[in-house]
Every structure is written in structure tokens, then in C-alpha cells.
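Taken together, the values in this text are just the output of simple stated rules run on the coordinates, not laboratory data. What you are looking at is a predicted structure, and each value in this text was computed from that prediction instead of being measured. Cβ coordinates were reconstructed from backbone atoms using ideal geometry, including for glycine residues, and neighbour counts include every protein chain displayed.
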Amino acid sequence: MSSPTTLRTSQANAMYRAQFFPLLKFHFRICNLLQCIPFKVEKSRRLRKIKSRFVLTIFRLQCVLSVAYCTSMFLNITIGPLTTSGRLQGLGLFIATLASTISRWNYSIDIGPVQIINAFLDFEAGIIESLPKVPISMETKAMKTFVYLVEFGVFLYPILVFFLLRFIPCTPPFILSMFASCGRAEAMTLRHQVGLGVHIFEAWMSSHIQYSSLALIVHILLVGISFLLNCLQLLNRYDN
């Protein structure tokens, strides 16, 4: 039976598959439930484009809604009835939403992002595993911990948005803050009638925007950089 040290060492050369691919698979599973990404993980551990026209239509609709949502936030901050402090408060959320919307935009269903992951897996299986084994680096462990924290945060974010809006419905730059009457006594019925539907909509928007964008930002960009650094480390040891 292999010792834990030997097992960890053998996994080092399969860093992406052993350390990050299970996290990617879990992330894509949630994305597929939200229908916010046009790709799926197959049993062969390869990423493929989803063929369902319904899912692709929902994904494209979410892309368009994300742009409209960001536009409404921008208009609310620039020409809406917010105070100066409210505009500054909403600016941070707007920038985060804008960055996520830009990174998740894939209306034409470009398969480039998943091809990068497939290339990582092929390169690791075909070349890296044949190199001398090395222990898992501290950088890889730190990146894995970071991904865990991000996954936990992106799960909590829409829940926190929902409860924030339930208790403070006029928080900028969200939808209800666009109305000058928000927060007045005569508008309190809005919170209990259409307000709940608006808050559910905003939580849904937050969830699919963040989950879709983080698939690219975290699991491809940041983890990809960590993977390339790990490959360079292995190649340097092999040359020496």
C-alpha cells in the first residue's frame, strides 16, 4: 500500500487533474443547474459544448440580461435619484458586476475557454506525468485553498444579496433604489408585494453572473497560471 507521502508526490505531476479538476467539475455542476454556462464535463473528463438548444438559448438570454442589468446599474449611479454617498456605495458593486458580465460574455458560444482546460489535461497526461515526481508545491496548495474560499464566497453572495435587500430594499445600486419613492412610508407596501419578486430576481442575476464569470476568471485564468508555473518548475527540475 502506498504511503500518504508517496501518494501526494505521485499527484504532483497530475496537479490539474488531482487538485483542481474536481473543483472545476463541482463548479460546472452548479453552473449547469443554473444553465449559466454552455459547456459540461463528460465522463471522459473532457469538457464539451452543450448541444441542447434550450440551454444555449437560456445562456444567451442570461448574457443579454447581464448587459441590461449592468446598464441599469450604471444609469442609476449616474443619473438616478441617489445621493452622493449612495453613488459611491453602489460604485463598487457596479464595477464587480461589470467585470463579471464582461468575463462571462460568450453569446457566440466560443469553445476557446474549455479548449484551454482540455489542453491542460492533455499536456499533463502526455508529457508532465512522464517527468520525475515532485511534491505538491506550496503555491499549488495556496491556490487550491483560494479556490475553495472563492467557491464558498460565490455560493454565499446571492444569499447575502437577497437578505440585504429584504432588510434594506433601497440599497444602491440595486433595482428598487432607482425609484425616488423607495424608503418612504407610502412605498413600504412595495417591499411586501412586488419587492419579494424583485429581490429573488436580483439574487438569481447575482448567482448566474458570478458563477459563470468565475469559471473563466478562477478555473481557467488563475488556476491556469498556477498550472503553467508548476509545469515550468517540473521542466526545470528535469533539465537539472
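For the chain, the Cys residues with no second cysteine's beta carbon closer than 4.7 Å are Cys31, Cys36, Cys63, Cys70, Cys231.
Once the chain from Leu235 to Glu129 is taken as fully extended at 0.36 nm per residue, the excess over their C-alpha distance is 37.0 nm. Taking only alpha carbon atoms, the stretch 4-239 gives an Rg to Rh ratio of 1.08, where Rh is the Kirkwood radius.
Cβ under 12 Å from Ile116's Cβ, Ile116 left aside: what net charge do those residues give with Lys, Arg +1 and Asp, Glu -1? Once all neighbours under 12 Å are counted, the net charge is -2.
What full-extension length gain, to one decimal in nm, is calculated for Ser85 and Phe179 as 0.36 nm per residue of separation minus the Cα-Cα distance?
Working it through step by step, the gained length comes to 32.2 nm.
When you restrict to C-alpha pairs under 8 Å that are six or more residues apart and normalise by the size of the stretch 4-239, the relative contact order lands at 33 percent.
Here Glu42 and Leu65 are evaluated by their C-beta separation; at R0 = 30 Å the FRET efficiency comes out at 0.60. Per-residue ellipticity at 222 nm from helix content only, as computed over the chain with -39500 (n - 2.57) for each DSSP H run of at least four residues, stands at -22500 deg cm²/dmol. Using the average count of surrounding beta-carbon atoms within 10 Å as a protection proxy, the listed peptides 147-154, 223-230, 71-78 rank, highest first, as 223-230, 71-78, 147-154. In a simple Cβ point-charge model (Lys, Arg +1; Asp, Glu -1; nothing else charged), the chain has a dipole of about 540 debye relative to its Cα centre.
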